[in-house]
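One structure is given here, and the rest of the page talks about it.
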Amino acid sequence: MKPIPVTSSRLQRVLLELAVVDGELSQIQFADKLGELISLSDAIVLAESLRGLKKKPFTAADSSDNANTVFLQARAEMLGFIVNSFVLEGDEAPAGGASSFILPRPNRDTLDDPNAGFVAYQRFYSLHQSEMDHRVVTLRRQLQHIMAGRSPKLAQLAALDSSMADTMADFSRRVYAGIPHLLAKRFYSLNQQYRQERLNDGATSSVADDASLWLKKDGWLDRFIREMQAVLLAELELRLMPVIGMLEALEFEVEKTQ
């Protein structure tokens, strides 16, 4: 499995393309920033975890679960959940969708009052983030459990990953919570651009029927919705990176024993 470079993640590239973030983060900057995230108390907890790894007893476990199968199935379900949710409110949702994750239908405020109009999309995105967080954490724990019974070294890695996940959980949620604010910038930009085009064309007021025009291919709202889906999928990819790292460790251990 080919590793995904942290400094060129799809999420970073998508946000750069939407012009809602500036610049790139070098590997040196990333290391410095990561060090700043860990408080003294967190550093002590991690240090104690590292010291206790070799003392941790190992118990081999025969698990019928295949890590790759578990990962691929969980990822497919997460991808399907995101894709199936991009159905307008009131339209028939695909099987497996949840009503609370259906796209809000645009109204007059969507164009005339961008701040109020974006609220529904912010809620939609934030709900997806909560769902992703829950599913990725569950998957990560499943793989930690599989690793813990495979070999002493993998058991140590699983324990370390668990400690690191707990240490970084609150910060990660705060970082991901900033993504809807970046999407808001894009929403306002597309909204303003469309409103300006209407003024240039001599339109003086919004019309409720215009919503159908906004949602046509390459309409301003259609563009935003497709971009929001791209950001969601890129965020999922980034959230899964620690899990992919565990899979690579499992594969490496299997190759050594063959």
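The values are calculated or read from the model by the stated rules, or taken from the named source; none is laboratory data. Please read all numbers here as calculations on a predicted model, not as lab measurements. Positions of Cβ are generated from backbone atoms using ideal geometry, with glycine treated the same way; all protein chains shown enter the neighbour counts. The area values use the complete protein model at the heavy-atom level, side chains included, leaving out ligands, DNA and RNA. Shrake-Rupley method; radii C 1.70, N 1.55, O 1.52, S 1.80 Å.
Within region 219-258, the set of residues being more than 22 Å from the chain's Cα centre (by Cα), at pLDDT 90 or above and in a loop (DSSP other than H, G, I, E, B) comprises G219 only. Summed over region 97-124, residues that are crowded, with 20+ Cβ neighbours inside 10 Å and part of a helix (DSSP H, G or I) total 6.
Answer yes or no: is there a residue in region 74-94 that is surrounded by 14 or more Cβ atoms within 10 Å (Cβ to Cβ), outside any loop (DSSP other than H, G, I, E, B), at pLDDT 80 or above and among the acidic types (D, E). No, region 74-94 contains no residue that is surrounded by 14 or more Cβ atoms within 10 Å (Cβ to Cβ), outside any loop (DSSP other than H, G, I, E, B), at pLDDT 80 or above and among the acidic types (D, E). For region 139-183, filtered to residues that are of a type in the set (V, I, T) and open to solvent by less than 60 Å² (accessible area, probe 1.4 Å), the residue that is modelled with the lowest pLDDT is T167. Quick check, is S189 under 22 Å from Q122 (Cα atoms) and either in contact with a strand residue (DSSP E or B) (Cβ under 7 Å, 6 or more places away or on another chain) or hydroxyl-bearing (S, T, Y) (or both)? Yes.
Which condition number does Q192 fail, the rest of (1) among the polar types (S, T, N, Q); (2) surrounded by fewer than 17 Cβ atoms within 10 Å (Cβ to Cβ); (3) under 22 Å from F81 (Cβ atoms) being met? With (1) among the polar types (S, T, N, Q); (2) surrounded by fewer than 17 Cβ atoms within 10 Å (Cβ to Cβ); (3) under 22 Å from F81 (Cβ atoms) applied to Q192, the lone miss is (3).
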